[in-house]
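The values are calculated or read from the model by the stated rules, or taken from the named source; none is laboratory data. Just so we're clear, the structure is a prediction, and the values are computed from it rather than from any experiment. All Cβ positions, even for glycine, are placed from backbone atoms using ideal geometry, and neighbour counts span all protein chains on display. Note: accessible area is taken over every heavy atom of the protein model, side chains too, but ligands, DNA and RNA are not part of it. Shrake-Rupley method; radii C 1.70, N 1.55, O 1.52, S 1.80 Å.
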Protein chains: 2
Amino acid sequence: MIVAAAAEHAGRPALILGLEGESDPGIAEFRHAWVKWGEIGRIDALIREHGATEIVLVGTVSRRPDFRSIALDPLALKSLPRLAGITLGGDDTVLAKAVRFFEGLGHRVVGAHEIAPELVAGADALTRCTPSRAARDDIALAMRAARAVGDLDAGQGAVAVERRVVALEGAEGTDAMLARVGELRAAGRLSWKGRMGVFAKCAKPRQDLRVDMPTIGAQTVELAAAAGLAGIAVEAGRVMIVDRDEAVRRADEAGMFIVGEGAGTVADS
Amino acid sequence: MIVAAAAEHAGRPALILGLEGESDPGIAEFRHAWVKWGEIGRIDALIREHGATEIVLVGTVSRRPDFRSIALDPLALKSLPRLAGITLGGDDTVLAKAVRFFEGLGHRVVGAHEIAPELVAGADALTRCTPSRAARDDIALAMRAARAVGDLDAGQGAVAVERRVVALEGAEGTDAMLARVGELRAAGRLSWKGRMGVFAKCAKPRQDLRVDMPTIGAQTVELAAAAGLAGIAVEAGRVMIVDRDEAVRRADEAGMFIVGEGAGTVADS
């Protein structure tokens, strides 16, 4: 929706296609249509009716679809062999193949960051608060850990506190990992005073940013704040802050920083 | 206690010193004494009274001590500058320094695996069930992930299912990580049929096995079984199975494998 608002603001009115059971009902505020898994022909037709020249894929799918909820339409049936190929392999390649599929239908797929570049973190602090020297050490370590996690294709984030890696993201996702750090601290398994430690998020090495750009948002800030962290570091140019104004406002309120860190590779660390 | 039983069996009666609030009350079945954090002089005297020639440090400490529970005795006070040095730095170095401290008092510190070598996994299957070809792929990936986790000094374990890394161990520890995989599966966030996937555990690259050998046990098997995993792989020669007979019995019952995997390094993967 923020991407849609940015597009409208730029004079490029958007049509939002929501995936039933996955997308935010709030898309109803915009020109929109709901689609089911497998309604490929209908998606194709909706895009053409709208006269869209570019497709943006935003967000992630939290569950693999239940076979009973899939409604294959004629174009989907015709494309079945190619679609079957898409569902094999890791999550990354599913999305990369989905892009190629839509491109094969003649659509141009662009990244949300191309439509709304102001939502992508640059290489500096977005907040009033900036990292202390101790936080700088935790940023470097958490970024190194997040890159290792991405290299394993396991996740995109990690938490380091007082020069110790305390959490690595797997299938549970960023929010559950941050909640875990809060729980470990509440249980006395981790302890520190005041705000310490950093949550870092990076894109995976081979991640297609057009379909699967890593994101943080106000909820990420809330969870990091509840865990007692000093701040958040995101890979500059490759992580989107979906509700930037609100996220920064909450970080400022909590006395936390959000910083973009220069793009690096695992080889650097 | 298994180490104590092994020592007695080998004609080397042991004295168990339990750390109050941490050690298993079951040590009362053996010759034992309870000590508090900071009772260094008392520990030293108990060891000398018993006529012990070797010290084995077994298990891990789950919480950093509350300052109010520390009872510094005269030897501890005298050693305070050295003890203060021990508490700085990461967890690994605390233990390595503790070994040097006890060695400095004239004691010989040996590893539990030297007293009870039969508890260390070799490079083969301990169970009736052996890994399928698909499980072999998951073993390789989970071992690679576990080594990356160890390289970050974050933890010792990882879980891979169907060639995807789904969980990486941080400060929450092995049990909580395995429980998380079970929860993600119960919630439909991960799904597979039958037993699939592997939990792998390795020593960290610079881990002092004398004080901090990675362990698995019957509870690990239970949690891996509850998560729906096909089996457990441990680094051969560097991971101890604390209650080997019971752990293997439960794995056999569940139709799971436990295998030792040839020692490798991160550079191999």
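Filtered by the rule that a residue be within 19 Å of the chain's Cα centre (by Cα) and open to solvent by 20 Å² or more (accessible area, probe 1.4 Å), region B:114-131 gives B:Glu114, B:Ile115, B:Pro117, B:Glu118, B:Val120, B:Gly122, B:Ala123, B:Leu126. Would you call A:Ala134 open to solvent by 30 Å² or more (accessible area, probe 1.4 Å) and part of a helix (DSSP H, G or I)? Spelling it out, A:Ala134 is indeed open to solvent by 30 Å² or more (accessible area, probe 1.4 Å) and part of a helix (DSSP H, G or I).
Checking each residue in region B:158-172 for being in contact with a strand residue (DSSP E or B) (Cβ under 6 Å, 6 or more places away or on another chain) and more than 23 Å from B:Arg133 (Cβ to Cβ) picks out B:Leu168, B:Glu169, B:Gly170, B:Ala171. Applying a threshold of 8 Å to beta carbon distances and a minimum spacing of six or more residues, or different chains, the list of pairs starting in region B:33-45 at a residue that is of a type in the set (Phe, Trp, Tyr) and ending at one that is part of a helix (DSSP H, G or I) and at pLDDT below 85 reads B:Trp37/B:Ser69. Evaluate the following for A:Val99: is it within 16 Å of the chain's Cα centre (by Cα) and in a helix (DSSP H, G or I)? Taking the combined requirement at face value, the residue does not satisfy it.
Of all residues in region B:180-193, those that are farther than 20 Å from B:Glu169 by Cβ have Cβ atoms under 8 Å from Cβ atoms of residues that are open to solvent by less than 90 Å² (accessible area, probe 1.4 Å), 6 or more apart or on another chain, in B:Ser191/B:Arg185; B:Trp192/B:Val161; B:Trp192/B:Arg185; B:Trp192/B:Gly228. Among residues of region A:135-153 being under 12 Å from A:Ala200 (Cα atoms) and in contact with a Pro (Cβ under 9 Å, 6 or more places away or on another chain), the one that is farthest from the other protein chains (Cβ to nearest Cβ) is A:Ile139. The residue list A:Ala154, A:Ala142 contains one member that is assigned by TED's automatic domain parsing to the domain that holds A:Thr215 and more than 16 Å from A:Gly231 (Cβ to Cβ), which is A:Ala154.
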